[in-house]
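What follows is a short report on a single structure.
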Amino acid sequence: MIKIIGACMIIASTTGAGMFISRQFSERPKQLRQLRSALQSLEAEIMYGLTPVKEAASRLSGQLPKPLSLFFEKLAVKLSEEEEAVTLQSAWKESLEAFWQQTALQKNEKEIMYQFGATLGKHDSENERKQIRLALAHLEREENEARNAQSKYEKMAKSLGLLAGLLIVLLLL
Amino acid sequence: MNEVIRLLPKTVKECIQKLPEHKKDLIEEIRLRVQRPIELLIEGSPYTLNNQVIFSAQEARELIDRLSEFSLYTLEEELRRGYVTIKGGHRVGLAGRVITQKGQVKMIRDISSFNIRIAHQQIGAAVPLIPYLYNRGRWLSTLVIGAPQTGKTTMLRDLARLISQGVRNRQIFSRKVGIVDERSEIAGCVKGIPQNELGHRVDVLDACPKAEGMMMMIRSMSPEVLIVDEIGRKEDAEALQEALNAGISVIATVHGSSLDDLIKRPTLKSLLEGCIFQRFVELTRDKRAGRIRRVLNENGKSIRLIGEAT
């Protein structure tokens, strides 16, 4: 009896792990797409509304779905602090750092966002637009890659979890 | 004043806060130049703060960051014109390296000088003019003439306030006022909202070219009195004529020392010949700005000032 319960537990846990990994594969392209649409909204705010970053960020935080809205919310809060040392760049970096853990996003896109943040608010709108376009292009490439990885590995990770559990159980029986 | 102090970098802020209270209220300009000490203009005379405190390039960047709320693109238009109007109607003039495109100024980069002009609205400056400019229930079209720094804009701003609020004790009712504020000086708008006290019945077209703005105002806002700053181009004359035909009074300013002086200027000739203006006010500056020298009627005849010795 105990054996069966143990076996079930092992299978359940490895399946869970497999599900978790496969979720990472399916979440990443989704979040990348959201990130791109966020940057597109930012572009619209900058180009047509000439909205300051702070206001744009608080507006975006209301529009976007959950993990991403946290980033812009944090950014808006940091920028409205009346402190001496706050710069857009430092606030961007800190918010990015804090929010990154809650996403399925990876190092490549983090690098892209860092680089984009370094130029934000430093140029006229024409140049801002170019920078946003550049970041968008990079993100699109990452998204395609993520999609490929998703189609390749998502199902595999799931079944691998279950099969690994079965294997362990069979070995231990 | 607080709106200005909030923007300043820490070192500058501390220096200014050390000044005695009565001096602080009299500050007219704060001039910051990269790698130079801070200069203040108090009651028209320069005043150098602590020579040890040097305004650094880093602080200049901080200041511009704060002026633009970390978003330089919001200041594109301002960087082309060379000044930024901030909350409270104060104005920050900028100088530095200018970038041109096709022969036109595109923006100022590497900003190295800031001139923060503290706005002091002089409420009541135009009260002595009321008996000359108001006649039988309407405000007369008026041209305010003065050299730079004689308080033309101050006078204009106060007239706008008087007209929109009305003058209770003279039984002058309030009127709708339209201001075409090409240089954002009359109303001192931030995001389209006037920062100066102008009464309730004022509509402002901020940063709008004058001739076009006057036509827009006439067509869309039906003002009873139209107020513009620094007229002088040919298109302006046409727009003014249009306003008069629509029965709107126009109050405008122009650079010059006197009416006789203006008649010599070819661009202004058509403006003056059309009998557009019914009153001319000449301003001079002695100890302080805004002294009224003469008020002339439409024929260029002087109307005596009340209380003036004959």
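So if the hydrodynamic radius of chain A is defined as the Kirkwood radius over C-alpha pairs, what does Stokes-Einstein give as its diffusion coefficient at 20 °C and 1.002 mPa s, in µm² per second?
On the way: Rh = 18.2 Å.
After rounding, the answer is 118 µm²/s.
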- Compute the long axis of helix A:107-119 from its Cα atoms, compare it with the longest principal axis of the Cα atoms of chain A, and write down the angle in degrees, 0 to 90, nearest 10. 10
- Message: Order these by the 10 Å Cβ neighbour count, fewest first: B:Ile145, B:Ile263.
- Response: B:Ile263, B:Ile145
- Task: Can you bin segment B:127-303 into rounded, prolate or oblate? Criterion: square roots of the alpha carbon gyration tensor eigenvalues sorted a ≥ b ≥ c, rounded for a/c under 1.5, prolate for a/b above b/c, oblate for the rest.
- Result: rounded
- Task: Using θ = phi - 60° and the Karplus relation 6.51 cos²θ - 1.76 cosθ + 1.60, list the HN-Hα couplings for segment B:151-158 in order, rounded to whole Hz, with x at every Gly or Pro.
- Result: x, 4, 5, 4, 5, 4, 5, 6
- Message: Under the 0.36 nm per residue contour assumption, what length would be gained going from the current alpha-carbon distance of A:Arg133 and A:Lys155 to full extension?
- Response: 4.6 nm
- Query: Roughly what % antiparallel, to the nearest 5, for the DSSP beta bridges in the protein assembly as shown?
  - Reply: 65
- Message: Between A:Gln101 and A:Ala12, how high is the FRET efficiency from 1/(1 + (r/R0)^6) when r is the Cβ-Cβ distance and R₀ = 22 Å? Nearest 0.05.
- Response: 0.25
- Using 1/(1 + (r/R0)^6) with R0 = 45 angstrom and r between the beta carbons of A:Leu50 and A:Ile21, what's the FRET efficiency to the nearest 0.05? 0.55
- Query: Per-residue mean of other chain beta-carbon atoms within 10 angstrom of the beta-carbon, peptide A:40-51?
  - Reply: 1
- With the contact rule set at Cα under 8 Å and sequence spacing of 6 or more, what percent relative contact order holds for segment B:127-303? 27
- Query: Dipole of segment A:1-124, Cα-centred, from +1 at each Lys and Arg C-beta and -1 at each Asp and Glu C-beta, to the nearest 20 debye?
  - Reply: 820
- Query: Which residues' amide hydrogens lie under 5 Å from the amide hydrogen of B:Met107, considering only partners 5 or more residues apart or on another chain, with H built in the peptide plane?
  - Reply: B:Ile99
- Item | Residues whose placed amide H lies under 5 Å from that of B:Val144, excluding near-sequence neighbours | B:Ala252, B:Thr253, B:Val254, B:Val281
- Percent RCO, i.e. relative contact order, over chain A, from Cα pairs under 8 Å lying at least 6 residues apart: 42
- Message: Multiplying the sequence separation of B:Arg233 and B:Met216 by 0.36 nm and subtracting their Cα-Cα distance, what value in nm do you get?
- Response: 4.4 nm
- Message: Residues of segment B:39-83 with the amide nitrogen closer than 19 Å to a label point 7 Å from the Cα of B:Met1, along Cα-to-Cβ, please.
- Response: B:39-50
- For B:Glu224, which sequence-distant residues (separation of 5 or more, or a different chain) have an amide H within less than 5 Å of its own amide H, given hydrogens modelled in the peptide plane? B:Lys176, B:Val177, B:Gly178
- Placing +1 on each Lys and Arg Cβ and -1 on each Asp and Glu Cβ in chain B, then taking the dipole about the Cα centre, the residue among B:Leu198, B:Ile248, B:Ile42 whose Cα reaches farthest towards the positive end is B:Ile42
- Item | the protein assembly as shown: C-alpha gyration tensor shape, a/c 1.5 cut-off, then a/b vs b/c | prolate
- Item | Exposure proxy order (Cβ contacts within 10 Å, fewest to most) of A:Met156, B:Met217, A:Met113 | A:Met156, A:Met113, B:Met217
- Message: Suppose the chain between B:Arg66 and B:His120 were pulled fully straight at 0.36 nm per residue; how much longer would it get relative to their current alpha carbon spacing?
- Response: 17.2 nm
- Message: Using a 7 Å offset from the Cα along the Cα-to-Cβ direction at both B:Cys275 and B:Gln149, what is the distance between the two label points in nm, to one decimal?
- Response: 3.9
- Mean separation of Cα pairs under 8 Å and 6+ residues apart, divided by the residue count of segment B:212-292: what relative contact order is that in percent? 27
- Message: Need one number: nm distance between label points at B:Glu39 and A:Lys30, each 7 Å from Cα along Cα→Cβ, rounded to one decimal.
- Response: 6.3
- Note on the structure: Residues other than B:Ala246 with Cβ under 14 Å of its Cβ, Lys/Arg counted +1 and Asp/Glu -1, net out at 0
- Computed label-point distance, nm, for sites A:Thr87 and B:Gln101 using a 7 Å Cα→Cβ extension: 2.5
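Read the figures in this text as sums done on the coordinates, not as results from a lab. No experiment lies behind these values; they were computed from the predicted model shown. Neighbour counts are summed over all protein chains in view; Cβ atoms, including those assigned to glycine, are modelled from backbone coordinates with ideal geometry.
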